[in-house]
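Derivation of every value follows stated rules applied to the coordinates shown; laboratory data play no part. Here the structure is a predicted model, which is why all the values come from computation and not from measurement. Every residue, glycine among them, receives a Cβ derived from its backbone with ideal geometry; neighbour counts consider all protein chains shown.
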Amino acid sequence: MAASTDWLKAFHGPRGAQFSAQVKRLHAEHLRNYPRLWFAGRTPAAERLRECARYAGSEYVLLKEAVRSSSPLFFRNRADERLYRALVLNESFSADEWGSAIGLRETQEWLEEGLLDREDGGLVCRFRIVVTDRVFLVLDAKRPLAASSVGRAVHFEQDALHMLRYLARETIVPGVDYLDVGTGSGVILLHLAGFFRRSAGMDVLPRAAEIAALNRDLNGPAETVRVFQADVFDWDNGTERFDLVTWNMPFVFFDEEYGSFSPSTNGGRLGIEVTVRFLSRLPSLMSERGRAYLMTATPVLPEGRPLFEELKKAAARRGWDVEADFLHPFWIPRLGEFHRKERVRRFEAFMVRIVPGAGRFSVRKKPVFKMALDGVHAAIHSRNGGKNDHR
């Protein structure tokens with residue numbers, strides 16, 4: 001059952017500064033030293049094997065809650081464990097247990113302002129905290145939004161984790177201006193803002209922009225990071241140009257009869273329409289020395305990968321060097337029949353790097369272990385008959 005009050009409003013109300021200070025203190029004193037939603041103590045190869053094992057058991061979810069919840073946690077004390085379970089895992093605790101964790105007065109205030117909600121005889125937090133290696137994020141909990149909330153819930157999705165891992169291996173060239181499109185929680189923006197004098201995050205969804213702005217304020221300093229709500233295709237950036245542009249792009253190919261869907265996931269025709277359109281928008285955003293990192297996907301059709309053809313054309317036309325780095329295959333079983341009619345065999349997620357160059361397009365070769373695991377992945381998908389959802 002949804003709460004009546006949107007927790008996000010509490011951070012903008014009379015007690016907003018107080019709540020922000022409390023959350024920062026809880027993170028600094030109790031949460032930041034514990035397992036993060038990063039590699040969770042596993043190498044990427046081992047994690048892929050674990051994904052396949054979970055998927056084979058019909059419990060595969062691309063955003064692996066179990067990476068967080070089943071990892072060995074070694075807490076210094078009971079209070080730290082309880083706060084981790086309450087604020088990171090969103091488990092329910094009694095009012096007395098919340099009182100011992102954050103204080104009796106604070107528990108009452110959190111309840112009054114909608115930060116806590118009554119559920120199953122206990123109290124559960126309406127937001128959750130995610131900790132990466134550089135920042136911590138306050139996001140919507142994996143529960144229905146409050147009745148007074150506007151827009152769709154904002155979560156930390158697996159795509160953002162893939163993008164963070166990729167960017168951690170890249171050499172980020174410091175510059176003046178940086179733009180993160182579709183900023184969502186603000187995690188990519190906040191990870192890279194320190195490399196630039198000025199940074200901006202934009203999102204077409206008002207709630208996402210509001211949560212990203214909150215996370216900017218919580219992580220600070222906020223003076224050099226701007227967050228706003230806008231559609232990148234309608235936004236007039238005038239003469240403003242950026243040395244780096246990033247976007248964890250929408251790339252799901254929906255059936256028009258499927259129903260409502262979020263612009264944060266709908267990639268248009270074949271899942272590549274938004275990406276192709278953005279390739280035409282990008283020159284008006286990038287500086288002369290600018291570069292871009294895009295996370296997107298291509299369907300694999302009998303005749304090939306249509307996005308690759310568009311990337312080749314863009315590279316030749318703009319004089320860019322474009323490299324596509326394979327991440328993982330995925331299927332969307334609830335849309336399986338529709339995709340089969342469209343002759344889609346599977347989808348493949350890629351990181352795309354765009355830099356000034358000589359108009360070349362290349363695909364980074366998959367490591368042997370990835371090729372083997374992808375074969376296992378496809379075999380499991382065939383065996384399961386599409387009962388697991390990868391997106």
* Structure fact -> residue 197 and residue 317 label points (each 7 Å along its Cα→Cβ direction) are spaced in nm at 3.3 nm
* To do: For residue 340 and residue 288, calculate 0.36 nm times their separation in residues minus their Cα-Cα distance, and state this gained length in nm to one decimal.
  => 14.5 nm
* To do: Any aspartates and glutamates with Cα under 12 Å of the residue 365 Cα? List them, leaving off those in the same chain fewer than 8 positions away.
  => 323, 325
* **Dipole magnitude (debye, nearest 20) for the range 158-384, charges at Cβ of Lys, Arg, Asp, Glu** => 900 debye
* Expressed in nm to one decimal, what extension gain is obtained for the pair residue 118 and residue 256 from 0.36 nm per residue of sequence separation less their Cα-Cα distance? -> 45.9 nm
* Structure fact -> Between residue 77 and residue 104, the FRET efficiency computed from the C-beta separation at R0 = 22 Å comes out, to the nearest 0.05, as 0.70
* Hey, how many Å between the Cα centroid of the range 296-372 and the Cα centroid of the range 204-279? -> 20 Å
* To do: Return the distance in nm (one decimal) between the two label points of a simple spin-label model at residue 133 and residue 236, each offset 7 Å from Cα along Cα→Cβ.
  => 4.2 nm
* Could you give the nm distance between label points at residue 228 and residue 363, where each point is 7 Å from its Cα heading toward the beta carbon? -> 3.9 nm
